[in-house]
Amino acid sequence: MIDASTYVPPKVWTWNKENGGQFASVNRPIAGPTHERELPVGQHPLQLYSQGTPNGIKVTIMLEELLALGHSGAEYDAWLIRIGEGDQFGSGFVDINPNSKIPALVDRSGREPIRVFESGSILLYLAEKFGALLPASVKERTESLSWLFWQMGSAPYLGGGFGHFYVYAPIKIEYAIDRFTMEAKRQLDVLNRQLADHRFVAGDEYCIADIAIWSWYGQVVLGDAYNAAEFLSVTDYPRVLRWAEEIASRPAVQRGRIVNRTAGELQLLERHKPADIDQALAPLVISV
């Protein structure tokens, strides 16, 4: 391993499989499938292929919120894609998402299946399909979408930047951690200021922007992502904490956040009916 303090970039970069730390086995500079694998299809029109990461739980929370609102058409099958094992490079998954990232959704409710990839796109697709969790007025809808796309543009600095170098990088690089910690705290300050006059991020109405942002920033400030709450001094952002705790208390959020989850106390590798989540949550209900 090269000492970061003496590293000089080569004239032409080449792929070194020894680099990459925890994700070395799945990181690669080319796209496309690495193996043939058909994806399973369940009984519901909506088929989700994902893992319970911050990006993944956006969609399962959204689906559980829709079901809680009475939209029976939002019933879904959630199949586990183990990204650490390279499932996202199977031919069936690449057919749905050429970018090989979770989550990916197939809507089979119409005459022809519709593929939807990128978590923000899936949230917007479902909101429009069911007419829920997105304000109707032009002004409020635009505000909500602005915050949704803020999350899509900002989260890579929190996840691939701060989270990677603070938690996953094989060596701790002071410059990288300082740079991305500064940006993560700036983003938390953006949210804290926005929430000074709003119950939810885009206003007084809970919407897909809250789902997307909470899945990353809410989990970080509550200590459920990267174990970095103390490191980031999240008590400096009391309005973000208030907002995060309120959303975490929503039953649909509690249900959706455990689907396709492979780590932690509560895990549900696959979900095919509501009873699957009920059974997974039963120990928590009993303890309460």
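The values are calculated or read from the model by the stated rules, or taken from the named source; none is laboratory data. Note that the coordinates shown come from a computational prediction; the quantities given were computed from them, not determined experimentally. Cβ: placed from backbone, ideal geometry, glycine included. Neighbour counts: every protein chain shown.
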Residue under evaluation Leu63, criteria (1) outside any helix (DSSP H, G or I); (2) at pLDDT 95 or above, criterion not met: (1)
Considering residues of segment 167-186 that are aliphatic (A, V, I, L, M) and closer than 19 Å to Ser215 by Cα only, the residue surrounded by the most Cβ atoms within 10 Å (Cβ to Cβ): Ala184
Some residue of segment 186-193 being in contact with a strand residue (DSSP E or B) (Cβ under 9 Å, 6 or more places away or on another chain), closer than 23 Å to Gly256 by Cβ and in a helix (DSSP H, G or I): no
Qualifying position, being touching a strand residue (DSSP E or B) at 6+ places or on another chain (Cβ under 8 Å) and within 28 Å of Tyr166 (Cβ to Cβ), among Gly84, Gly42, Gly56, Gly21: Gly56
Any hit, segment 7-18, residues being closer than 30 Å to Tyr217 by Cα, among the aromatic types (Phe, Trp, Tyr) and at pLDDT below 95: no
Strands (runs of 3 or more DSSP E) contained entirely in segment 68-139, each with at least 1 residues that are free of Cβ contacts under 8 Å to residues at least 24 places away in the same chain and buried (at least 17 other Cβ atoms within 10 Å of the Cβ): 114-117
One residue from Ala196, Ala169, Ala212, Ala136 being of a type in the set (Gly, Ala, Ser) and either in contact with a Phe, Trp or Tyr (Cβ under 8 Å, 6 or more places away or on another chain) or under 30 Å from Val41 (Cα atoms) (or both): Ala212
Residue pairs meeting the criteria (Cβ under 8 Å; at least 6 apart or on separate chains; first over 12 Å from Trp79 (Cβ atoms) and of a type in the set (S, T, N, Q), in segment 23-49; second modelled with pLDDT of 95 or more and assigned to a loop (DSSP other than H, G, I, E, B)): Ser25/Gly86; Thr34/Gly86; Gln43/His272
Subset of segment 140-166 that is touching a residue at least 24 places away in the same chain (Cβ under 8 Å) and surrounded by fewer than 15 Cβ atoms within 10 Å (Cβ to Cβ) - its residue that is nearest to Gly203 (Cα to Cα): Ser146
Residue match in segment 41-52 (condition: at pLDDT 95 or above, among the hydroxyl-bearing types (Ser, Thr, Tyr), crowded, with 16+ Cβ neighbours inside 10 Å and not in a helix (DSSP H, G or I)): yes
Any chance Thr14 is among the polar types (S, T, N, Q) and under 28 Å from Ile258 (Cα atoms): no
